[in-house]
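Worksheet for the structure shown next.
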Amino acid sequence: MIVNAKSMSALLSCALCLLSGCVNLGAGTTETTRLYVLSPMTNAGTTAPIWADGDFAVGIGPLTLPAYLNRPQVVTRIADNEINIADFANWAGPLDRNFQSVLAENLALLLGTDAVYTHPWRGTLRPTFRLLLEVTRFDANPTGDAVLSVRWEVLDVRGAPVIPKRKGVFRQAVAQNDIADVVAAMSSVLADFSREAAAAIASRP
């Protein structure tokens, strides 16, 4: 096959465009991949932090996510049995790490302590309480709700259950049919879970 200079130039332009995150959709139109992150809570509400003695440390993780979320793209729910993988909307980093870091910020705010760590933590650290999480759903229908379904438990420093395994389902309406609003609603359901987990940890025996 003979490739002339014009064809070679077109191929190089296409490759450069793909590498830069832009896709040409036709004359005069390009689509740029947008990057998204979950956002932490900005305040704990009108109440004071519920744990402020400073004598405890909380470790978050390990965390498991369902396989369908283990991808760079933002996943939305079309129906109970159908999902959509966004073409030009990606997470800025691994979703599990983003989930853990935002949860840690939320718990630190709610509990009034900086002693909240995400897995894996340094080998010498032995958290007083360890929050284990198995997320079974974390997505949104752009015209409906964001949903977080999570099984979780809290262990003490010896690995014994302090709070037995329980399941929580959290919902938040998506404001508009837009990926930014989807991510905002997902941040809201994560904040709701953070409040429940913080209250449970604060009420420890």
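The values are calculated or read from the model by the stated rules, or taken from the named source; none is laboratory data. Everything numeric here is computed off the predicted structure, so don't read it as measured data. Quick reminder, even Gly has a Cβ in these numbers, built from the backbone with ideal geometry, and neighbours come from all protein chains shown. To get the accessible areas, we keep the full protein, side chains included, count just its heavy atoms, and leave off ligands, DNA and RNA. Shrake-Rupley method; radii C 1.70, N 1.55, O 1.52, S 1.80 Å.
Observations, loosely collected:
- Convex hull projection area averaged over all views, the range 82-203, Cα basis, nm²: 8.4 nm²
- Rg/Rh for the range 160-205, where both radii come from Cα atoms and Rh is the Kirkwood radius: 1.15
- Highest-first arrangement of 97-103, 78-84, where packing means the average Cβ count within 10 Å: 97-103, 78-84
- Positive-end residue, the range 51-145 charge dipole about Cα centroid, Cβ charges, pick of PRO94, THR143, TRP121: TRP121
- Per residue, the convex hull spanned by the Cα atoms of the range 90-160 amounts to 121 cubic angstrom.
- Annotation: THR76 carries an accessible surface of approximately 10 Å², with a 1.4 Å probe and no ligand, DNA or RNA atoms counted.
- Inter-probe distance in nm under a simple model that places probes 7 Å from Cα toward Cβ, at ASP80 and TYR68: 1.3 nm
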